[in-house]
């Protein structure tokens, strides 16, 4: 295998084992030869990471502000070219996917499948006047599923980067790969998702995202490593049940837009905050939904917090930043109300994890709900000297492997060799 170990620190931060990573990539190459009969010289390696949301909880769908970070958990692929128009993806633990991209029409029977994503990504390249062709790949991932780290967006962006690199000399920037991935997910896969996940996976590093113009989001890249300030970024998977939560997730943007509609707008970003406050009595009577109004308050406050947090990170004010992390978490709990599901108030793993973390930290660090909420994960900033004890504590409550240390990955989605 070609030596790519000089890239490991940019991909995986400080906490990685060179021996383990060498074995991981070699196993991927060996599997590629087994599946497709191609030698290592004919095979290329690609990597796309998952992402973590650092601020802006449930704001992107109303054209709000977000801070996202690319993380050290990635999906990697061994790829070789084909001489036809077939794309084959063999992902570890899943059935092999085969698509002939000479046909790029939307197929209803392919909705909610990987086939639809590949066809949609290829169509987006063709629509831009770019080239597509056949390739074959096997993948393996360390992006935790069901933890709000965007494992699905990672594979989308990975496939987009393969087309970008193999046939177009990497002409497209990461944000354009994100847009292509979102298009495939929206139009071909049939999921009306936002753009934050794909940007977070594609971009590399920490980035502020302003979705005021959703078609052309404004990005503010930041060079930040929380370990430099003595903190580990940790997520805790509380192993909550995600079943039957579609209604809970869907209600958040719907209720925010219900408030926006009162002001003649299609989203809260287009509503003036002062007018919102001024008309609260009539608004409350009109919408007959206090939770919708509270969620709107969260949206307005969270946008202001994101701006303040971006300033703190630019000025290297970690204490100020962590103060706003706590504020974001409190707002999510009290106003956004996405820490536990209203349909099952007895299951409050996230609430428990937050309570235990606050008690453990005793005023140090910070914690908040991570991602969509209701079930899943919390995010915590733990002083490095306490990280091992924190992991042991969380694992004892929620099960072995519940707590995972993340690092911010510097590299965008890319071909490694």
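Can you work out D for the chain in µm² s⁻¹ from Stokes-Einstein, where Rh is the Kirkwood radius over C-alpha pairs, the temperature is 37 °C and the viscosity is 0.692 mPa s? Answer from the Stokes-Einstein relation: 148 µm²/s.
Taking each residue as 0.36 nm, the span from residue 41 to residue 326 lengthens on full extension beyond its C-alpha to C-alpha distance by 97.6 nm.
In terms of its alpha-carbon gyration tensor, region 311-417 comes out rounded; the largest-to-smallest axis ratio a/c stays below the 1.5 threshold. Quick one: helix 349-361 against the long Cα principal axis of the chain, what's the angle to the nearest 10°, folded into 0 to 90? So the helix axis and the longest Cα principal axis differ by about 80 degrees. How far apart, in nm, are two points set 7 Å out from the Cα along the Cα-to-Cβ line at residue 275 and at residue 1? Result: 5.8 nm between the two label points. When DSSP beta bridges are restricted to pairs lying wholly in the chain, around 90% turn out antiparallel. Taking every C-alpha pair closer than 8 Å and separated by at least 6 residues, the mean separation divided by the residue count of the chain gives a relative contact order of 23 percent.
Helix 290-314: angle to the longest alpha-carbon principal axis of the chain, degrees 0 to 90, nearest 10? On a 0 to 90 degree scale, this one is about 60. Stretching residue 113 away from residue 228 to a fully extended chain increases their span by 37.3 nm, per 0.36 nm per residue minus the current alpha-carbon distance.
Taking label positions 7 Å along the Cα-Cβ direction at both residue 254 and residue 105, the computed distance is 3.4 nm, reported to one decimal.
Taking square-rooted eigenvalues a ≥ b ≥ c of the alpha carbon gyration tensor, is region 5-222 rounded, prolate or oblate, where a/c under 1.5 means rounded and, failing that, a/b exceeding b/c means prolate? Taking the square roots of the gyration eigenvalues as a ≥ b ≥ c, region 5-222 is oblate.
The C-alpha atoms of the chain define a longest principal axis, and helix 318-331 lies at about 70 degrees to it.
Of all DSSP-defined beta bridges confined to region 5-222, some 85% are antiparallel rather than parallel. A Förster radius of 35 Å combined with the Cβ-Cβ distance from residue 344 to residue 23 puts the calculated FRET efficiency at roughly 0.25. Our estimate of slack between residue 16 and residue 97, defined as 0.36 nm per intervening residue step minus the Cα-Cα distance, is 26.1 nm.
In the chain, the calculated helix contribution to ellipticity at 222 nm averages -13000 deg cm²/dmol per residue, counting -39,500 (n - 2.57) for every DSSP H run with n ≥ 4. Rounded, prolate or oblate, given the Cα gyration tensor of region 199-273, with a/c below 1.5 counting as rounded? In terms of gyration-tensor shape, oblate.
No value in this document is a laboratory result; all are computed from the given coordinates. Being a predicted model, the structure only gives us computed values, none of them experimental. Cβ atoms come from the backbone with ideal geometry, glycine included; neighbour counts cover every protein chain shown.
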